[in-house]
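The values are calculated or read from the model by the stated rules, or taken from the named source; none is laboratory data. For clarity, every value in this text was computed on a predicted model and none was experimentally measured. In this analysis, Cβ positions are derived from the backbone assuming ideal geometry, glycine residues included, and neighbour counts consider all displayed protein chains. The protein model used for the area step is the full one, side chains on, heavy atoms only, and it has no ligands, DNA or RNA in it. Shrake-Rupley method; radii C 1.70, N 1.55, O 1.52, S 1.80 Å.
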Amino acid sequence: MKVSESIADCIKNFKTTGTVFGDGQRNIIKLFSVDGAMVNIKSFKIPNIINQIAYKYFRKSKARRSYEYATRLLENGIGTPQPLGYVEHFNWLGLQSSFYASAHLQTELTYRELVLQPDYPDHENILRQFTAFTFLLHEKGIEFLDHSPGNTLIKNEGNGRYSFYLVDLNRMNFHREMSFDLRMKNFSRLTPKEEMIAIMSDEYSKLAAIPYDEVFAKMNFYTIDFQTKFHRKRARKQKLLFWR
């Protein structure tokens with residue numbers, strides 16, 4: 001996709017310019033000043049050989065999906081930083097590198113702070129508004145597969161109102177309608193804390209007109225299932241690293 005000349009220059013000189021943003025464990029995100037505005041450019045990790053071929057011939061790259069999904073979210077009235085474009089570099093084999101550019105959005109917190117800081121100011125109100133935001137996603141048939149603590153930016157608009165913005169967008173499904181189970185499973189990666197699950201269940205039950213006990217039981221079930229699999233997988237990795 002064609003991007004502005006200024007953004008193209010940032011991508012061309014990505015390795016030597018810009019300010020690193022975040023931990024950069026898998027992908028690298030950098031901030032650039034472009035025409036007086038801050039721009040966030042994400043460089044995706046070079047895929048393995050199989051995916052290099054797949055992203056050239058069979059599947060859309062993560063950068064392209066991020067741009068297209070961001071555009072689709074905004075069309076549905078769902079918050080996400082303004083998409084500015086994406087760039088893909090291919091060779092004879094397949095995709096070598098890809099970049100996604102968006103406007104940089106400065107916010108006060110992410111969902112992660114609600115998990116780590118139970119005494120965060122206005123905690124319950126934020127959590128209930130986040131639940132309403134997720135309910136809106138579900139009502140529009142949007143399944144955000146990476147609905148995890150760091151991927152929702154939260155902006156304090158004042159007077160007890162908050163806005164929510166999704167990031168890390170390359171994994172989504174769009175449905176005509178989402179089942180109750182699919183909706184509840186979409187909460188599973190957010191928090192292991194039962195008291196937070198109880199608040200989200202209470203708010204969701206009101207919005208969906210489903211008994212609280214049913215919502216809590218199902219949301220808690222999927223959360224426990226995810227946590228069990230997550231810790232089992234991490235234990236296996238640690239065991240493998242120990243024997244190396």
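Structure above, values below:
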{"read-out": "Dipole magnitude of the chain about its Cα centre (Cβ charges: Lys, Arg +1; Asp, Glu -1), debye to nearest 20", "value": "1560 debye"}
{"read-out": "Estimated FRET transfer efficiency (E177, D202; beta-carbon r; R0 22 Å; 0.05)", "value": "0.40"}
{"read-out": "Phi to ³J(HN,Hα) by Karplus 6.51 cos²θ - 1.76 cosθ + 1.60 over the range 114-124, Hz, x for Gly, Pro", "value": "5, 6, 7, 10, x, 9, 4, x, 6, 3, 5"}
{"read-out": "Among R161, R171, R64, residue whose mean-square fluctuation peaks in a GNM of the chain (springs only between Cα atoms under 10 Å)", "value": "R161"}
{"read-out": "Percent carbon-and-sulfur accessible area, the chain, ignoring ligands, DNA and RNA, probe 1.4 Å", "value": "52 percent"}
{"read-out": "Length-normalised contact order of the range 19-148 in % [C-alpha pairs under 8 Å, at least 6 apart]", "value": "21 percent"}
{"read-out": "Distance between the range 174-215 and the range 59-93 - C-alpha centres, whole angstrom", "value": "28 Å"}
{"read-out": "Accessible area of the range 1-96 divided out per residue, in Å², using a probe of 1.4 angstrom", "value": "62 Å²"}
{"read-out": "Computed lengthening from F230 to A132, 0.36 nm per intervening residue step minus Cα-Cα distance", "value": "32.6 nm"}
{"read-out": "Förster-model FRET efficiency, 22 Å R0, D23 and Q82, C-beta, rounded to 0.05", "value": "0.40"}
{"read-out": "Mean Cα-pair separation over length for the range 176-219, i.e. relative contact order, pairs under 8 Å, 6 or more apart, %", "value": "44 percent"}
{"read-out": "Cα-Cα over 32 Å, subset of K12/K185; K155/K218; K30/K206; K206/K233", "value": "K12/K185; K30/K206; K206/K233"}
